[in-house]
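Participant: Structure in structure tokens, see below.
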Amino acid sequence: MEKAAFIDIKNNRCYYKNINRIQYPISDTKKEEMNMKIAIGCDPNAEEAKQEIIAYIEKKGYGEVTDFGSEDPIYANVAVDVAEHVASGEYDRGVLICGTGLGVSIAANKVKGAYAALVSDVYSATRARLSNDANIVCMGAFTTGAKVREMLVDAFFTNEFVAGCSSQPKVDAFREYDQNR
């Protein structure tokens, strides 16, 4: 049990409350169990970041990477291409990069069955998998540094959604909406 500070903006006061902090460690998935098919793409501005991520994924042994390119200045085209391949099940996970990550995440989420999460911190990348079962991670080449991108990749690729967890009803709700649109 530890104390956490909470700020009540409405009443302009701060108070402390005992909380049980839940630790969410990176899963103990064995390296030899990681044999993912990974689709990656970006816009021309993010080519260098994409090449660094490909090298890192290969170094870590997360799986086989297919580069969907970066030549098209219309980032939506590569984002939709990656998203369609991931949503179809041909690829297990996807990685998309543009200047901020915003454009590729919006475009990828237009594809039925693609669940793209824009992340800029390790906690969000972890929760994208654990709580939301995201299948595509999006990040910004101009908003995150190389080491942070590596940490985001680690968090995204080493965590798995646990069926039946407390987030299951939420995931079921957005998947149902997605399938019925």
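Participant: Is there a residue being surrounded by 18 or more Cβ atoms within 10 Å (Cβ to Cβ), modelled with pLDDT of 90 or more and either within 19 Å of Ser105 (Cβ to Cβ) or not basic (Lys, Arg) (or both) anywhere in the range 25-38? Don't jump to the end; show me each part of the working.
Facilitator: Of all residues in the range 25-38, those surrounded by 18 or more Cβ atoms within 10 Å (Cβ to Cβ) come to 38.
Then drop every residue that is not modelled with pLDDT of 90 or more, which leaves 38.
Then drop every residue that is not either within 19 Å of Ser105 (Cβ to Cβ) or not basic (Lys, Arg) (or both), which leaves 38.
Within the range 25-38 (the criterion being surrounded by 18 or more Cβ atoms within 10 Å (Cβ to Cβ), modelled with pLDDT of 90 or more and either within 19 Å of Ser105 (Cβ to Cβ) or not basic (Lys, Arg) (or both)), the answer is yes, since at least one residue qualifies.
Participant: Please find, among Val104, Val153, Val137, Val171, the residue that is β-branched (Val, Ile, Thr), under 11 Å from the mean Cα position of the chain (by Cα) and in a helix (DSSP H, G or I). Can you show your working first?
Facilitator: Numbers: Val104 fails: under 11 Å from the mean Cα position of the chain (by Cα); Val137 fails: in a helix (DSSP H, G or I); Val171 fails: under 11 Å from the mean Cα position of the chain (by Cα).
After ruling out the rest, the residue left standing is Val153.
Participant: Among the residues of the range 84-101, how many are assigned to a loop (DSSP other than H, G, I, E, B) and either within 19 Å of Ile53 (Cα to Cα) or modelled with pLDDT under 95 (or both)?
Facilitator: Taking the range 84-101 as the starting set, the residues that turn out to be assigned to a loop (DSSP other than H, G, I, E, B) are 88-92, 99-101.
Still in the running and either within 19 Å of Ile53 (Cα to Cα) or modelled with pLDDT under 95 (or both): 91-92, 99-101.
Counting residues in the range 84-101 that are assigned to a loop (DSSP other than H, G, I, E, B) and either within 19 Å of Ile53 (Cα to Cα) or modelled with pLDDT under 95 (or both) gives 5.
Participant: Looking at Glu64, Glu90, Glu71, which one is farther than 23 Å from Phe161 by Cα and charged (D, E, K, R)? So that I can check it myself, show each step before the final result.
Facilitator: Details: Glu64 fails: farther than 23 Å from Phe161 by Cα; Glu90 fails: farther than 23 Å from Phe161 by Cα.
Selected residue: Glu71, the only one of Glu64, Glu90, Glu71 that is farther than 23 Å from Phe161 by Cα and charged (D, E, K, R).
Participant: Right, Asp172: surrounded by fewer than 16 Cβ atoms within 10 Å (Cβ to Cβ), at pLDDT below 95 and not polar (S, T, N, Q) or not? Spell out how you get there, then give the answer.
Facilitator: On the way: surrounded by fewer than 16 Cβ atoms within 10 Å (Cβ to Cβ): yes; at pLDDT below 95: yes; not polar (S, T, N, Q): yes.
Yes.
Participant: What is the residue count in the range 34-72 for residues that are part of a helix (DSSP H, G or I), among the aliphatic types (A, V, I, L, M) and within 16 Å of the chain's Cα centre (by Cα)?
Facilitator: 4
Participant: Could you please find all residues in the range 135-169 being without any contact (Cβ under 8 Å) to a residue 12 or more places away in the chain and among the charged types (D, E, K, R)?
Facilitator: Lys147
Participant: Please specify each residue of the range 37-71 satisfying the condition of being without any contact (Cβ under 8 Å) to a residue 40 or more places away in the chain and touching a Ser or Thr at 6+ places or on another chain (Cβ under 7 Å).
Facilitator: Residues satisfying the conditions are Pro44, Glu47.
The values are calculated or read from the model by the stated rules, or taken from the named source; none is laboratory data. The model shown is predicted, which means the values in this text are computed figures rather than measured ones. Glycine gets a Cβ as well: all are built from the backbone with ideal geometry, and neighbour counts include every protein chain shown.
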